[in-house]
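Since every read-out is calculated from the coordinates, none of them should be taken as a lab result. From a predicted model like this one, the values you see are computed outputs, not experimental measurements. As a convention, Cβ positions derive from the backbone with ideal geometry for all residues, glycine included, and neighbour counts pool all protein chains shown.
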Amino acid sequence: MSRLYISATHKSSGKTTLSIGLCRNFAQLGHRVRPFKKGPDYIDPLWLGRAAGRDCLNLDYNTMGQGEIRETFARAMADADLGLIEGNVGLFDATDLAGSNSNAELAKLLEVPLILLVDVQGMSRGLAPLLLGYQAFDPSLRIAGIILNKVGGQRHEGNLRRVVEHYTDLALLGAIHRESQPRIDERHLGLMPSNESREAEAQIEDIRRMVADQVDLDTLLRISAAAPPLPRFPPIPVLAPRGGDLRIGIARDEAFGFYYPDDLEALRAAGADLIPFSPVHDQALPEVDGLLIGGGFPEYRMRELTANRGMREAVRNFIEGGGPAYAECGGLMYLCRRLSWGDEIAPMCGVLQADVAMHDRPQGRGYIQLREREAFPWPRLPDQASEIHAHEFHHSGIVAPDPAWVYGYEVLRGSGVDGCHDGIIYKNLLASYAHLRHVGGVGWPARFIAQVRRCRRPG
C-alpha cells in the first residue's frame, strides 16, 4: 500500500497545489489514488477528490483518536494502491507544546514517507540551516525528500540545488518555479471550492502539467512504495446512492457543498436516500422527509438565493410545517431573515427571526467543543459522547440573537451563535455554526435519521 505525506515548513506554502497535481498525475498513470487531508477542512478535499477521481477523507486528531485514525486510513486504502495525505499548517505546528497532533506525529503514526515542501522565495544559502534544523528537531521522523516551491528561475534553482547537495543528505525531488504556477482564486476561508469554479478541470490540468514538468514523479512513486504494509480492514462500503426508506433533501450547488463523504455514507447506512436540490437554481423542493443544508458560501450567491423566491418559500413552509431539518453554518445563514455584506442586504428564508451579517474578521474559526443541553432534540445513542468535538469556520455572525431562542448546545470552547450557545432549535429544525463529524462517538447521521423517522411517524 504505497503512500506519501505532503507537508511544508509553514502554512500557505503551496501544499494543496502540489497535492492536486500529484493526485491527477498518479491517477492518469493508472493508480487508484485515495487522497486524505489532515484536520477539519472541506475546500481542499473537494479539489483533491476531484483531482484523484475518488473522495478525499479527513484525518483529524481533534475529533478522532489514534485508533480511529489508523482504522479509517487503512479501510480507505483497502481499495486503493496509492494514498496521498496533504498536511495542514507546518510540519511541526500543533496546538500543544509537545506537538502530539502535528503533521509529524500523524506521518509517524501511519508510517507514511514524508515529503517536505519548502517555500524558497527570497532564500539562498539560508535554506541549509532551515533544512538541517527540520531534520534535527525530531530525529525519529525521516524526511524522505524535499520539493522547492516558488523558485525564482533557473539561476535561483541552480544555487539552491548546490546548497542542498553540499550541506544536506536530502533528496531534492523537484523545483517548482514561481512564474509557472496556475492560480486558484481564494476566499476568506481558503481556496474557492471546486464546486463553484467552472474552470476547475482546466485548472487541475494546468497544475498537473506544471507538477509533471518540475517534479520527479518516478522517484516519488518509488519512495511511496517503500512504506510498510497497513493492517487489513474491509474497505469503506460504497452504498447505492438510492434505496433508503427516507428521502433526505441535501442542498448541493455553488452556494452549499460542505459535506464529509464518510458522513454522507453514514446517512445512507442509516436509511437515507439523499436527494440533491439547489437553493440557487431549483424553484421547489423535491418530495422529501427531511432537509440537510450544509455549509458553503451563500454570501457569494446572495442575489441568486434572494431571487429564487420559490425555493425560499418552499424551505420556510417545510420547516414551519414541522418538517425535520438540520443546517450547518451556511445553511443557518440561509435560514435567517436577511443576510448583509457591506452595503448589500438580501432577504433569505426567514425561518429564524434574526439577521446575519458578514464581517471582515472571523467570528468563529477552529476547534469547538460542545455539551448537549437537555433541550437537544435528537434521540441519543447508547454510546453517545458526553462532549462533542467539532469545528467552525465563519466570518458571519447573528445580529441580535432572539433572547427566546432555545439552544441544543452549551459551548465549552469556541464561538457558536453567541459565544455561549449553539444549535438553535425551532420546531423540528436544528441550526448550528458547528460542523459535526461522524467520528469520535458523535454519531450524528444516525441520530438525525432517527429524528426524521420520529417526525414522520410520531410515537
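Given Gly271, Tyr42, Val417, which one lies farthest toward the positive end of the charge dipole of the chain, if we put +1 on the Cβ of every Lys and Arg and -1 on the Cβ of every Asp and Glu?
After comparing all options, I get Gly271.
How large, in Å, is the chain by the Kirkwood hydrodynamic radius built from its alpha-carbon pairs? Please report the intermediate quantities before stating the final value.
Working: mean 1/r = 0.0431 Å⁻¹.
Across the chain, the inverse of the average 1/r is 23.2 Å.
Please label the shape of the stretch 407-459 as rounded, prolate or oblate, based on the square roots a ≥ b ≥ c of the eigenvalues of the alpha-carbon gyration tensor (a/c under 1.5 means rounded; beyond that, a/b larger than b/c means prolate, else oblate).
Values: a/c = 3.17, a/b = 1.52, b/c = 2.09.
The shape class here is oblate.
When 1/r is averaged over all different Cα pairs and the result inverted, which Kirkwood radius in Å belongs to the stretch 306-391? Before the final figure, lay out the partial values.
Working: mean 1/r = 0.0656 Å⁻¹.
Result for the stretch 306-391, one decimal place: 15.2 Å.
Applying the Karplus parametrisation 6.51 cos²θ - 1.76 cosθ + 1.60 with θ = phi - 60° to the phi angles of the stretch 135-149, what ³J(HN,Hα) value in whole Hz is obtained for each residue in order, glycine and proline being reported as x?
With the stated coefficients, the stretch 135-149 comes to 5, 7, 4, 9, x, 6, 9, 9, 8, 6, x, 10, 10, 8, 10 Hz.
First measure r as the distance between the Cβ atoms of Ala284 and His359, then evaluate 1/(1 + (r/R0)^6) with R0 = 51 Å and state the FRET efficiency to the nearest 0.05.
That pair, Ala284 with His359, gives E of 0.95.
For Arg373 and Gln66, what does the FRET efficiency come to when R0 = 41 Å and r is the distance between their Cβ atoms, rounded to the nearest 0.05?
Numbers: r = 30 Å, r/R0 = 0.73.
In this case the efficiency is close to 0.85.
Across the chain, how many lysine pairs, 8 or more positions apart or on different chains, have C-alpha atoms separated by under 16 Å? Please give the number. Present the calculation step by step, with values, prior to reporting the outcome.
Numbers: Lys11/Lys37; Lys11/Lys38; Lys11/Lys150; Lys15/Lys37; Lys15/Lys38; Lys15/Lys150; Lys37/Lys108; Lys38/Lys108.
For the chain, the number of qualifying lysine pairs is 8.
Net charge near Tyr426: determine it from the other residues with C-beta under 14 Å of the C-beta of Tyr426, scoring Lys and Arg +1 and Asp and Glu -1. Show your work: numbers first, answer last.
Values: positive: Arg316, Arg337, Lys427; negative: Glu320, Asp402, Asp422.
Result for the neighbourhood of Tyr426: 0.
Just add up the charged neighbours of Leu436: K/R +1, D/E -1, any other residue whose Cβ is under 10 Å from the Cβ of Leu436.
Details: positive: Arg437, Arg447; negative: Asp263, Glu328.
For residues surrounding Leu436, the net value is 0.
How large is the direction-averaged shadow of the alpha-carbon convex hull of the stretch 2-225, in nm²?
Working: hull surface 46.9 nm².
So the Cα hull casts an average projection of 11.7 nm².
With all pairs of different alpha carbon atoms counted, what Kirkwood hydrodynamic radius in Å does the stretch 35-111 show?
12.7
Using only the alpha-carbon atoms, what does the stretch 278-341 span along each of its principal axes? Please give whole angstrom values in decreasing order.
Each principal axis gives a Cα extent; for the stretch 278-341 these are 32, 22, 18 Å.
Give me the angle, in degrees from 0 to 90, between the Cα long axis of helix 444-456 and the longest principal axis of the Cα atoms of the chain, rounded to the nearest 10.
That works out to roughly 20 degrees.
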